[in-house]
Amino acid sequence: MAEDEEKYVFPAVTGFRVSVPPDRPDLLLLELKTSDAGIIRFSITKESAFSFSREVAKVATPSS
């Protein structure tokens with residue numbers, strides 16, 4: 001693998017949790033667990049999450 005490609009290799013997601021804070025119903029809180037035992041936490045607006053999911057659906061292929 002070329003050195004430039006290494007910076008784009010990410011560990012696999014092995015689990016995730018999603019929640020909506022009761023005081024901020026416009027946000028989604030996400031926690032991703034990765035194969036290297038890392039945990040990534042971030043928040044995103046619901047509007048952005050829906051937009052992102054629509055874009056993913058456009059390019060994703062159903063598994064058989």
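The values are calculated or read from the model by the stated rules, or taken from the named source; none is laboratory data. Just so it is clear, the structure is predicted and the values come from calculations on it, not from any experiment. Every residue, glycine as well, gets a Cβ built from its backbone with ideal geometry; the counts of neighbours run over all protein chains shown.
Filter the stretch 33-51 down to the residues that are assigned to a helix (DSSP H, G or I) and more than 10 Å from the chain's Cα centre (by Cα), then identify the one that is surrounded by the fewest Cβ atoms within 10 Å (Cβ to Cβ). Spell out how you get there, then give the answer.
In the first step, residues of the stretch 33-51 are kept if they are assigned to a helix (DSSP H, G or I); the result is 46-51.
This time we only want the ones that are more than 10 Å from the chain's Cα centre (by Cα), so: 46-48, 50-51.
On the way: 46: 13, 47: 9, 48: 12, 50: 12, 51: 12.
Across the stretch 33-51, the extreme among qualifying residues is 47.
Rundown of residues vs (1) modelled with pLDDT under 80; (2) β-branched (Val, Ile, Thr), yes/no style:
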residue: 3; (1), (2): yes, no
residue: 9; (1), (2): yes, yes
residue: 18; (1), (2): no, yes
residue: 21; (1), (2): no, no
residue: 25; (1), (2): no, no
residue: 30; (1), (2): no, no
residue: 34; (1), (2): no, yes
residue: 39; (1), (2): no, yes
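Taking the stated definitions as given, is residue 9 exposed (fewer than 11 other Cβ atoms within 10 Å of the Cβ) and either among the β-branched types (Val, Ile, Thr) or in contact (Cβ under 8 Å) with a residue 40 or more places away in the chain (or both)? Working first, answer last.
Numbers: exposed (fewer than 11 other Cβ atoms within 10 Å of the Cβ): yes; either among the β-branched types (Val, Ile, Thr) or in contact (Cβ under 8 Å) with a residue 40 or more places away in the chain (or both): yes.
Judged against the criteria, residue 9 is a match.
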